[in-house]
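Q: Below you'll find the structure I mean.
Just so you know, all these numbers are worked out from the coordinates, no wet-lab data involved. Just so it is clear, the model here is predicted, and its values are computed rather than measured. Note that each Cβ is placed from the backbone with ideal geometry, even for glycine, and that neighbours are counted across all protein chains shown.
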Amino acid sequence: MLKEMFAEIGDGCYIEPPFHANFGGAHVHFGKNIYANFNLTMVDDTHIYVGDYTMFGPNVTVTTAGHPILPELREQGYQYNAAIHIGRNCWIGSGVMIMPGIIIGDNVVIGAGSVVTHDLPSNVVAVGTPCKVLREVGEHDREYYFKQHKIDWEHMEE
């Protein structure tokens, strides 16, 4: 069904229902092995590109549409649409909102509840409202998967 709905969808993608989209995903381009937890909303008034292996937490909103600040334009029903690009191997935390025209690099982790109003470079952890880079992904992340819980590399599947 997703292959019929989406502009593109790679192998191994899974979306937990419910899924919401203005155009039913017609402007959504998913790479391969993307996972989306429940309640993903994609305001796909224009194109949304998502790279391979990206994961979405529950209640994420990706919105390409916006409205002008000037009241007279809103009264006339003006709207703008700006494509969104999300890189490869990103983790978008629970309740994140991504605004129109945003570009997110590869290997980015966005903390729960963040509102992304500016582009994010690759290989960073970013959090907050508005979302800002907290730190780069680094050596500590190669040793610990969560807080002080060490990665057991010896028993990892290849």
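Q: Going by what's in this entry, would residue 6 be described as within 23 Å of residue 114 (Cα to Cα), crowded, with 21+ Cβ neighbours inside 10 Å and touching a strand residue (DSSP E or B) at 6+ places or on another chain (Cβ under 6 Å)?
A: no
Q: Hey, among 34, 103, 98, 92, which residue is free of Cβ contacts under 8 Å to residues at least 24 places away in the same chain and surrounded by 14 or more Cβ atoms within 10 Å (Cβ to Cβ)?
A: 103
Q: Further, regarding this structure: So how many residues does the stretch 1-50 have that are assigned to a strand (DSSP E or B) and acidic (Asp, Glu)?
A: 1
Q: Within the stretch 143-158, can you find the residues that are farther than 24 Å from residue 114 by Cβ and of a type outside the set (Asp, Glu)?
A: 150, 151, 153, 155, 156
Q: Further, regarding this structure: Looking only at the stretch 10-44, count every residue that is closer than 14 Å to residue 86 by Cα and over 15 Å from the mean Cα position of the chain (by Cα) and tell me the total.
A: Total satisfying the criteria: 0.
Q: Any chance you could count how many residues in the stretch 55-82 are exposed (fewer than 11 other Cβ atoms within 10 Å of the Cβ) and of a type outside the set (A, V, I, L, M, F, W, C)?
A: Taking the stretch 55-82 and keeping what is exposed (fewer than 11 other Cβ atoms within 10 Å of the Cβ), we get 69-72, 75-77.
Narrowing the set further to residues that are of a type outside the set (A, V, I, L, M, F, W, C) leaves 71-72, 75-77.
Result for the stretch 55-82: 5.
Q: Still on this structure, I have one more. Are there strands (runs of 3 or more DSSP E) fully within the stretch 117-158 with at least 2 residues that are more than 14 Å from the chain's Cα centre (by Cα)? List them.
A: Where strands (runs of 3 or more DSSP E) fall fully within the stretch 117-158 and carry at least 2 residues being more than 14 Å from the chain's Cα centre (by Cα), they are 132-136, 144-146.
Q: Mind checking whether some residue in the stretch 141-150 is closer than 22 Å to residue 58 by Cα, acidic (Asp, Glu) and loosely packed, with under 15 Cβ neighbours inside 10 Å?
A: no
Q: Please name all residue pairs, on different chains or six or more residues apart, with Cβ atoms under 7 Å, provided the first residue is in the stretch 54-70 and is over 13 Å from residue 15 (Cβ atoms) and the second residue is of a type in the set (Phe, Trp, Tyr).
A: 66/80; 67/78; 68/78
Q: Here is a follow-up. I'd like to check something: does the stretch 97-119 contain any residue that is farther than 30 Å from residue 146 by Cα, in contact with an Asp or Glu (Cβ under 6 Å, 6 or more places away or on another chain) and not polar (S, T, N, Q)? If you could, list the steps in order and put the result at the bottom.
A: Kept after step one, since they are farther than 30 Å from residue 146 by Cα, are these residues of the stretch 97-119: 100-101.
Now narrow it down to the ones that are in contact with an Asp or Glu (Cβ under 6 Å, 6 or more places away or on another chain): none.
Checking the stretch 97-119: not a single residue is farther than 30 Å from residue 146 by Cα, in contact with an Asp or Glu (Cβ under 6 Å, 6 or more places away or on another chain) and not polar (S, T, N, Q).
Q: Being surrounded by 16 or more Cβ atoms within 10 Å (Cβ to Cβ), over 21 Å from residue 34 (Cα atoms) and in contact with a Ser or Thr (Cβ under 7 Å, 6 or more places away or on another chain), is that true of even one residue in the stretch 122-134?
A: Yes: one or more hits.
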